[in-house]
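Here is the structure we will look at.
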Amino acid sequence: MKLLLLDADHCLGRALIDESDSRSDVELIIERSRQCSLSHLKARAPDAVIFPPLLDPASVDHAEIVEHVDQVDAVMTACHALGVPLVWLVSDQVFEAGSDMPIEESVLPSPRHEGLQRLLETGNRIRSGLAEHFIVRTGPLMALEGRNARLAEVLDALANGRPLRAAEDEIICPTPVQAVARAMIGMLAQQFSGANAWGAYHLAGVEPVSLYTFHGVVRHQLEIQLARRHIDLTLGEVQPLHHHHDQPLRRVLNCRQMLETFGVHQKPWRLALDAMLEQWCQTRFDEEKGP
């Protein structure tokens with residue numbers, strides 16, 4: 001299975017590279033650019049193209065969203081011309097209003113935010129113009145390496161004593177980036193073995209949590225890791241924010257279709273967090289000490 005990965009410096013790109021290195025059934029063609037011309041795609045001749053998501057699109061400049069969707073559109077056009085499947089991942093923020101109940105794959109987003117509307121329009125063009133595609137809506141990615149590795153940014157801020165402010169009334173499903181990489185490769189492997197299940201899927205972590213509580217758990221678990229290493233640091237405090245005064249905004253994706261179609265089980269994000277904190281501490285403190 002030969003896959004063309006665009007935007008390889010993205011945190012998901014780094015995770016996909018790590019995952020493919022451990023498998024003998026995947027040849028990953030790595031491109032740091034988010035662009036792929038028709039001639040380039042023809043020369044590479046991949047079985048599928050993977051385009052990582054724009055993270056936190058509700059908070060970025062509108063020009064960045066426009067650039068992202070224009071690049072996705074161009075890649076989709078090339079894929080359509082050559083009959084190459086496209087895998088595009090998109091942030092769960094497209095469900096701007098959230099929902100009291102877990103959000104099913106069949107629910108189409110209806111954002112008011114202009115930038116999120118552009119993402120929705122791009123998804124609609126992929127659906128109508130490219131029969132063989134995966135659109136994967138994912139929760140906030142937990143990552144330590146690569147661009148937009150937000151967990152690493154949180155840990156650096158805490159270790160440097162800087163306060164963190166996080167919404168107490170926004171409920172999300174943190175999603176370990178390595179789990180997303182494994183799922184992507186597994187989905188494609190099954191698809192090319194006859195699964196015949198193109199379409200839109202949800203892939204997010206289990207155990208919904210507020211942003212404030214998530215940051216608090218990260219801080220607490222970091223304290224435990226530091227204590228094991230007898231490292232004395234005064235960590236930054238986590239401070240609550242309130243954005244949604246009427247009722248909390250719940251953005252919880254129902255990933256049942258992913259489970260039923262491809263057998264993808266998501267583990268609690270707390271389990272992945274422990275391993276990621278161990279890795280971060282080894283890099284930050286153990287390796288600094290040297291032999």
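For region 38-59, which positions are open to solvent by less than 60 Å² (accessible area, probe 1.4 Å) and assigned to a loop (DSSP other than H, G, I, E, B)?
A45, P46, P52, P53, L54, L55, D56, P57, A58
Identify the single condition in (1) within 27 Å of L3 (Cβ to Cβ); (2) in contact with a Lys or Arg (Cβ under 9 Å, 6 or more places away or on another chain); (3) among the polar types (S, T, N, Q) that Q178 does not satisfy, given that it satisfies every other one.
Result: Q178 passes all but (2).
Output the qualifying pairs, or none if there are none: Cβ atoms under 8 angstrom, residues six or more apart or on different chains, first residue in region 192-211 and more than 30 Å from Q247 (Cα to Cα), second residue open to solvent by 40 Å² or more (accessible area, probe 1.4 Å) and among the charged types (D, E, K, R).
F192/D47; W198/E132
Quick one: in region 100-112, of everything that is more than 20 Å from the chain's Cα centre (by Cα) and within 17 Å of A58 (Cα to Cα), which residue is least open to solvent (accessible area, probe 1.4 Å)?
Out of the qualifying residues, it is S110.
Specify the residue that is most open to solvent (accessible area, probe 1.4 Å); the eligible residues are those in region 144-157 that are more than 14 Å from L54 (Cα to Cα) and in contact (Cβ under 8 Å) with a residue 12 or more places away in the chain.
This residue is E145.
Of all residues in region 16-71, count the ones that are without any contact (Cβ under 8 Å) to a residue 60 or more places away in the chain and either charged (D, E, K, R) or within 16 Å of M184 (Cβ to Cβ) (or both).
Number of matching residues: 20.
Go through (1) among the β-branched types (V, I, T); (2) at pLDDT 95 or above; (3) open to solvent by 40 Å² or more (accessible area, probe 1.4 Å) for V217 and report which single condition fails.
The single condition V217 does not satisfy is (3).
Taking only region 183-210 into account, find how many residues are part of a loop (DSSP other than H, G, I, E, B) and open to solvent by 30 Å² or more (accessible area, probe 1.4 Å).
Here the count works out to 4.
Could you grab me the full set of residues in region 1-37 that are crowded, with 16+ Cβ neighbours inside 10 Å, of a type in the set (G, A, S) and in a loop (DSSP other than H, G, I, E, B)?
A8 - this is the single residue of region 1-37 that is crowded, with 16+ Cβ neighbours inside 10 Å, of a type in the set (G, A, S) and in a loop (DSSP other than H, G, I, E, B).
The values are calculated or read from the model by the stated rules, or taken from the named source; none is laboratory data. Bear in mind the structure is a predicted one, so any value in this text is a computation, not a measurement. Virtual Cβ from ideal backbone geometry, glycine too; neighbours counted across all protein chains shown. Each accessible area value is taken on the protein alone, full model and side chains, heavy atoms only, with ligands, DNA and RNA left out. Shrake-Rupley method; radii C 1.70, N 1.55, O 1.52, S 1.80 Å.
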